[in-house]
Amino acid sequence: MKKKKLAVWILLLFLIPVMHVFAQMDMGKMSMGKNVKAICVLYATQGNNVTGIITFTQTDKGVKVVADLQGLTKGKHGFHIHEFGDCSSVDGTSAGGHFNPEGKSHGAPLDMSRHMGDMGNLEADESGKAHLEYTDATIQLNGPNSILGRSVIIHKNEDDLKTQPTGNAGPRVACGVIGAAK
Ligand code: CU
Ligand code: ZN
C-alpha cells in the first residue's frame, strides 16, 4: 500500500512538468500563424497630400485601431476599409466599395449591423493632422473575413453614417493596403 502511494507520487512529479511542456507547445501552435497586428501605410491619390499610418491590433475586446494622418483639410473625413487591396488607380477607385463580406448596410463603427469596413470619421485639426484611437468589435484580422490584403481609403468629406452604400463621403484622398505587421 505504501509502495503504491509512492509510485503514484513519483508518477505525478514526472507527469506535471511533461504536461506543462506539452501545454506550452499547444499554445505556441495556436498563436502561430494567427495575425495579431496589421498595418496600413497610406499614400495620397492624385492631386492630394494626405499620408498616414493606421495600425490594427487584436485585444480581448476587439481590434484596436490607431490612426495618424497628415495633409488633410480641417474637419471630418470618412475612412473605411475597402474591398480590394488595390491602390493602383490615380483616384483610388480601384479599391472598390466598402469591405462588406456579410452583405450588411452602411453604418457607424459602433452599430451592431454595418459594413465591416465602416470605421466612421477622422477629424483633422487646423494643421491638417488627425489622430484617432478606438476599439472595433466588428473588424477581424483572421479567418475568411480578415481585413488583411484589403485597403483603407480616406475621403475628402465627412461620412454621414447613413447614406447607402457609401456614407456620401466624396472623393478618395488617400489609399493604402493592409498588411501583416510584426
Ligand atoms: Cu471609403
Ligand atoms: Zn460602409
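The values are calculated or read from the model by the stated rules, or taken from the named source; none is laboratory data. All figures in this text were calculated on a predicted structure; none of them were measured in a lab. Don't worry about glycine lacking a Cβ; one is built from the backbone with ideal geometry, like all the others, and counts go over all protein chains shown.
Whether any residue in region 72-86 is more than 16 Å from Pro171 (Cβ to Cβ), of a type in the set (A, V, I, L, M, F, W, C) and at pLDDT below 95 is what I want to check. Looking for residues that are more than 16 Å from Pro171 (Cβ to Cβ), of a type in the set (A, V, I, L, M, F, W, C) and at pLDDT below 95, one finds none in region 72-86, hence no.
The criterion of at least 2 residues that are more than 18 Å from the chain's Cα centre (by Cα) is met by the following strands (runs of 3 or more DSSP E) wholly inside region 27-102: 75-82.
Only one of the listed residues (Ala95, Ala130, Ala124) is among the small types (Gly, Ala, Ser), surrounded by 16 or more Cβ atoms within 10 Å (Cβ to Cβ), touching a Cys at 6+ places or on another chain (Cβ under 9 Å) and within 15 Å of His155 (Cα to Cα). That residue is Ala95.
Pairs linking a residue in region 159-177 that is away from ligand 1 (no atom under 12 Å from the Cβ) to a residue that is of a type in the set (Lys, Arg) and at pLDDT 95 or above, with Cβ atoms under 8 Å and 6 or more positions apart or on different chains, are Val177/Arg150.
Here is a yes/no grid of residues against (1) free of Cβ contacts under 8 Å to residues at least 24 places away in the same chain; (2) within 24 Å of Gly143 (Cα to Cα); (3) β-branched (Val, Ile, Thr):
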{"site": "Cys40", "(1), (2), (3)": "no, yes, no"}
{"site": "Val65", "(1), (2), (3)": "no, yes, yes"}
{"site": "Leu72", "(1), (2), (3)": "no, no, no"}
{"site": "Gly120", "(1), (2), (3)": "no, yes, no"}
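Results for (1) in contact with a helix residue (DSSP H, G or I) (Cβ under 9 Å, 6 or more places away or on another chain); (2) away from ligand 2 (no atom under 12 Å from the Cβ); (3) touching a residue at least 24 places away in the same chain (Cβ under 8 Å), shown as yes or no for each residue.
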{"site": "Ala44", "(1), (2), (3)": "no, yes, yes"}
{"site": "Ile54", "(1), (2), (3)": "no, yes, yes"}
{"site": "Gly78", "(1), (2), (3)": "no, no, yes"}
{"site": "Asp91", "(1), (2), (3)": "no, yes, yes"}
{"site": "Lys104", "(1), (2), (3)": "no, no, no"}
{"site": "Pro109", "(1), (2), (3)": "no, no, yes"}
{"site": "His115", "(1), (2), (3)": "no, no, yes"}
{"site": "Thr135", "(1), (2), (3)": "no, yes, yes"}
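Of the candidates Leu110, Leu141, Leu148, Leu132, the single residue that is under 15 Å from the mean Cα position of the chain (by Cα) and at pLDDT below 95 is Leu110.
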